[in-house]
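K.L.:
Encoded as structure tokens, here's the structure I'll be asking about.
The values are calculated or read from the model by the stated rules, or taken from the named source; none is laboratory data. From a predicted model like this one, the values you see are computed outputs, not experimental measurements. Methodologically, a virtual Cβ is constructed for each residue, glycine included, from the backbone with ideal geometry; neighbour enumeration extends over all protein chains shown.
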Amino acid sequence: MLVAFACVPLAVAIGGCDQPPLAGSTTVADAGSQLPPVDGSPPIEARDASPGVDTGTGIDADAGVGVTQPDYSIVVLPDTQYYAASFPDIFMKQASWIVESRDAQQIAFVLHTGDLVDSDVPEQWTVASNSLHLLDGVVPYVIAAGNHDYIDLADRVGMANAYFPPSGFAAYSWFGDTFETGHIENSFSLIPAGATRWLVISLEFGPRDEALAWASSVLQAFHDQPAIIITHAYLYHDSSLYNQHGPPQFFNPHNYVMMGQSHTTINDGMEMWQKLILPNRNVKMVFSGHDVNFDDLPPGTTGLLSSARPDGSVVHQILANYQTCTAAPCDVSPQGTTVNGGSGYLRIVRFSPAAGTISVSTYSPVLDQSLTDPGNQFVLPMN
């Protein structure tokens, strides 16, 4: 339940608390109760931060007070499903650009927020695999499962694990573990970026209670590491959380077939906030996709919510999805603009510890164009 409101100063003039939510509204929510450990689940071994690795303060612990950390970037890939279905060259161009731009953009890692494919079939997974595996050994990457990545939502079974098996990631020192053996849909990684090491947790579409409990245990085990959560459906296009108890929303996870199954549970954005993100203060950012507002491209579907906990720590929650329709091939928007599934737009999130800022930009390596509207280009404070 939302109980109070407060303003978080942003590094750009994007309005106060009386502005629309897209401008970065800030909420404080009721913490509720901590999730208990999963019965029978193996304990997660806590690991200390590596020597000299910052835990989110912007200061290298071993280098002396005031030593400036280097800038670095992460790339966020939202909803590539129509590229996998109809425009494979766009998917390949995105991946190739990341490889080619790794050094110039100081790309530390890549996050995919789900719906890698439109249909859970080998032909589309082959496109996703051929593209994303270009990053192997070049740039660490973490994927989340979207609703289109499953052939059976009720049982949460899809082909992702055949094309992106956990065993393939296990060769890399940054990869941690998964919630379920052999399943990549819920995973954690510890990835160096500049002088920081980020804990990245990927959660399945509409995560089960058990998956949230596992994620909470990971966050507690690595409580000294700043954390990022990626999941497919979390933030709505009006910059509010997906919330089954609020006003009607399109595409809420609770509207999908999983809820008709007695053997599973599901959590939307508000439930993830209350059960997982609010109680764990090391969560700094949440990235999601999924929602489509049917607006033209530009600007696409975007959202931003910066939420403060009672202790003052802040979570920046960011939505991006450049699809403009809900069926392949999505070559033309409802307004008649050629969009080709999203025109290859991706997010570049640049961290500047010395300035204390996070700069978000949106770029298409296919069009060699950027989106510069306030929903696609903005600056946030590090915290």
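K.L.:
Would you please name the residue that is surrounded by the fewest Cβ atoms within 10 Å (Cβ to Cβ), looking only at residues in segment 328-373 that are over 19 Å from ASP115 (Cα atoms) and in contact with a helix residue (DSSP H, G or I) (Cβ under 7 Å, 6 or more places away or on another chain)?
P.N.:
The residue in question is PRO365.
K.L.:
Can you name the condition, by its number, that VAL110 falls short on among (1) within 20 Å of VAL366 (Cβ to Cβ); (2) in a loop (DSSP other than H, G, I, E, B); (3) of a type in the set (A, V, I, L, M)?
P.N.:
With respect to (1) within 20 Å of VAL366 (Cβ to Cβ); (2) in a loop (DSSP other than H, G, I, E, B); (3) of a type in the set (A, V, I, L, M), VAL110 is out only on (2).
Matching residues to (1) farther than 21 Å from LEU319 by Cβ; (2) within 20 Å of the chain's Cα centre (by Cα); (3) among the small types (Gly, Ala, Ser):
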| site | (1), (2), (3) |
| --- | --- |
| TYR72 | yes, yes, no |
| GLN81 | no, yes, no |
| ILE90 | no, no, no |
| PHE109 | no, yes, no |
| THR113 | no, yes, no |
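K.L.:
Looking at ILE230, ILE201, which is the one that is touching a His at 6+ places or on another chain (Cβ under 8 Å) and either closer than 18 Å to VAL315 by Cα or not small (Gly, Ala, Ser) (or both)?
P.N.:
That would be ILE230, the only listed residue that is touching a His at 6+ places or on another chain (Cβ under 8 Å) and either closer than 18 Å to VAL315 by Cα or not small (Gly, Ala, Ser) (or both).
K.L.:
Separate question: Please tell me if TYR163 is within 27 Å of GLY341 (Cα to Cα), touching an Asp or Glu at 6+ places or on another chain (Cβ under 7 Å) and of a type outside the set (Val, Ile, Thr).
P.N.:
For TYR163, the condition - within 27 Å of GLY341 (Cα to Cα), touching an Asp or Glu at 6+ places or on another chain (Cβ under 7 Å) and of a type outside the set (Val, Ile, Thr) - is not met.
K.L.:
Taking segment 315-362 as the search range and keeping residues that are in contact with a Pro (Cβ under 9 Å, 6 or more places away or on another chain) and among the aliphatic types (A, V, I, L, M), which one is farthest from GLY289 (Cα to Cα)?
P.N.:
ALA354
K.L.:
Considering every residue within segment 323-343, establish whether at least one is of a type in the set (A, V, I, L, M) and within 19 Å of the chain's Cα centre (by Cα).
P.N.:
There is no residue in segment 323-343 that is of a type in the set (A, V, I, L, M) and within 19 Å of the chain's Cα centre (by Cα).
K.L.:
Return yes or no: is ILE201 assigned to a loop (DSSP other than H, G, I, E, B), crowded, with 23+ Cβ neighbours inside 10 Å and of a type in the set (Val, Ile, Thr)?
P.N.:
For ILE201, the condition - assigned to a loop (DSSP other than H, G, I, E, B), crowded, with 23+ Cβ neighbours inside 10 Å and of a type in the set (Val, Ile, Thr) - is not met.
K.L.:
If you go through segment 95-107 one residue at a time, do you hit one that is closer than 30 Å to VAL257 by Cα and either modelled with pLDDT of 95 or more or not small (Gly, Ala, Ser) (or both)?
P.N.:
Checking segment 95-107: not a single residue is closer than 30 Å to VAL257 by Cα and either modelled with pLDDT of 95 or more or not small (Gly, Ala, Ser) (or both).
K.L.:
Determine which member of the set GLY312, GLY341, GLY303, GLY336 is touching a Cys at 6+ places or on another chain (Cβ under 6 Å) and not charged (D, E, K, R).
P.N.:
Step by step, each of GLY312, GLY341, GLY303, GLY336 is checked, and only GLY341 is touching a Cys at 6+ places or on another chain (Cβ under 6 Å) and not charged (D, E, K, R).
K.L.:
Restricting to segment 216-230, and then to whatever is not in a helix (DSSP H, G or I) and not aromatic (Phe, Trp, Tyr), can you tell me which residue is surrounded by the most Cβ atoms within 10 Å (Cβ to Cβ)?
P.N.:
Here the answer is ILE229.
K.L.:
Could we say that ALA213 is surrounded by fewer than 23 Cβ atoms within 10 Å (Cβ to Cβ), modelled with pLDDT under 95 and not charged (D, E, K, R) here?
P.N.:
no
K.L.:
Between residues in segment 134-162 that are more than 15 Å from THR80 (Cα to Cα) and residues that are among the basic types (Lys, Arg) and surrounded by fewer than 22 Cβ atoms within 10 Å (Cβ to Cβ), which pairs lie under 7 Å by C-beta distance while being six or more apart or on different chains?
P.N.:
From segment 134-162, the pairs are VAL138/ARG102; VAL139/ARG102.
K.L.:
Name the single residue, out of those in segment 286-309 being without any contact (Cβ under 8 Å) to a residue 60 or more places away in the chain and buried (at least 19 other Cβ atoms within 10 Å of the Cβ), that is farthest from CYS330 (Cα to Cα).
P.N.:
Once the filter is applied, the top-ranked residue is VAL286.
K.L.:
Limited to segment 137-171, what total is found for residues that are surrounded by fewer than 20 Cβ atoms within 10 Å (Cβ to Cβ), modelled with pLDDT of 95 or more, assigned to a loop (DSSP other than H, G, I, E, B) and touching a Gly at 6+ places or on another chain (Cβ under 8 Å)?
P.N.:
Going through segment 137-171 one residue at a time, the tally reaches 1.
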